[in-house]
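Visitor: Pasting a structure below so you can have a look.
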Amino acid sequence: MDRDRAHLVAFIGVMAALMFVVLMLETYVFIYFIKPSPAFFSIPLFIALSMYGNWKHSFIGGTIFGCCSFIISFFVGYTAFYNPLVSILPRTITGVAGYWILYGLTRITRGKAKDVVRAVAAAITVVLHTVLVIGAMELFTQGGAFFDTVWQTIIGINFVFEFVCSIILVPIFIRVMKKATHTPDFLPAGAGRTVTEDRMAEAAQAAQSSEEPSSDETEEGEDKN
């Protein structure tokens, strides 16, 4: 179990570094054309990071994205995002909600057409993200930020880019993340197993991974032979 926890921490560290670099590149590439810049790659990345695992980790993707957005806002002068209630909180809520949207859709479809279901869940999650961020701006910022953001995000090119890219990229990212972390697809209750059986399967998977010898132990055994 300690090894699994170490792998998770390492994976989160890699994803956080990747998220920061990607968001920084998006910001500086598009800053001369539109403000705020469209997060056409980082938003699908954080949504996938929220959806790929179990509900206990569903807050991670949105929190990482929000923290990166908060830090970068000071570099580029996005004053609305200086407030963590605007830059971090809506993203964390979006990540958790996105996981449960995917879970609910998977139950309804009984685990079929996974990539299509993930694409639909991603589309709904992008809309939710936009609504929550705009709502936070309305509540916690002053001036014309609300109207400007509505115009740029809902009607403008930002939302279109983020919406389309999320539908395409989130299913791909989830597959890659599941493969990289050896995370099995959950089979929801009503699709052949009960919730209890799902939890038993997850526990068996964790026990099996903890019993597997590490590469160092395997090499040691080979050297002795």
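Visitor: Would a scan of the range 63-82 turn up a residue that is under 17 Å from the mean Cα position of the chain (by Cα), not in a helix (DSSP H, G or I) and not charged (D, E, K, R)?
Guide: Looking for residues that are under 17 Å from the mean Cα position of the chain (by Cα), not in a helix (DSSP H, G or I) and not charged (D, E, K, R), one finds none in the range 63-82, hence no.
Visitor: Would it be correct to say that residue 127 is within 17 Å of the chain's Cα centre (by Cα) and either closer than 18 Å to residue 82 by Cα or modelled with pLDDT under 90 (or both)?
Guide: No; evaluated as a whole, the condition is false for this residue.
Visitor: Being modelled with pLDDT of 80 or more and in a loop (DSSP other than H, G, I, E, B) is the filter; apply it to the range 5-41 and report the residue that is surrounded by the most Cβ atoms within 10 Å (Cβ to Cβ).
Guide: So the residue we want is 39.
Visitor: In the range 83-102, which residues are within 14 Å of the chain's Cα centre (by Cα) and not hydrophobic (A, V, I, L, M, F, W, C)?
Guide: 90, 91, 92, 94, 95, 98, 99
Visitor: In this structure, is residue 91 crowded, with 22+ Cβ neighbours inside 10 Å and either touching a Gly at 6+ places or on another chain (Cβ under 9 Å) or not hydroxyl-bearing (Ser, Thr, Tyr) (or both)?
Guide: yes
Here is a yes/no grid of residues against (1) charged (D, E, K, R); (2) surrounded by fewer than 23 Cβ atoms within 10 Å (Cβ to Cβ); (3) modelled with pLDDT under 85:
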residue: 3; (1), (2), (3): yes, yes, yes
residue: 43; (1), (2), (3): no, no, no
residue: 62; (1), (2), (3): no, no, no
residue: 67; (1), (2), (3): no, yes, no
residue: 70; (1), (2), (3): no, yes, no
residue: 77; (1), (2), (3): no, yes, yes
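Visitor: Give the range 48-60 a look and list any residue that's part of a helix (DSSP H, G or I) and either surrounded by 20 or more Cβ atoms within 10 Å (Cβ to Cβ) or of a type outside the set (Lys, Arg) (or both), or say none.
Guide: 48, 49, 50, 51, 55, 57, 58, 59, 60, listed by residue number.
Visitor: If you don't mind, another one. Kindly indicate whether residue 87 is in contact with a helix residue (DSSP H, G or I) (Cβ under 7 Å, 6 or more places away or on another chain), at pLDDT below 85 and not β-branched (Val, Ile, Thr).
Guide: no
Visitor: Okay, next question. Which ones in the range 90-117 are farther than 22 Å from residue 66 by Cα and of a type in the set (D, E, K, R)?
Guide: Matches in the range 90-117: 107, 110, 112, 114, 115.
Visitor: Of all residues in the range 74-89, which are in contact with a Pro (Cβ under 9 Å, 6 or more places away or on another chain) and among the polar types (S, T, N, Q)?
Guide: Passing the criteria: none in range.
Visitor: Take the range 95-130 and flag every residue that is over 19 Å from residue 172 (Cα atoms) and hydroxyl-bearing (Ser, Thr, Tyr).
Guide: 109, 130
The values are calculated or read from the model by the stated rules, or taken from the named source; none is laboratory data. Because the structure is a prediction, the values reported are computed rather than measured. Here Cβ is always computed from backbone atoms with ideal geometry, including for glycine, and neighbour counts include all displayed protein chains.
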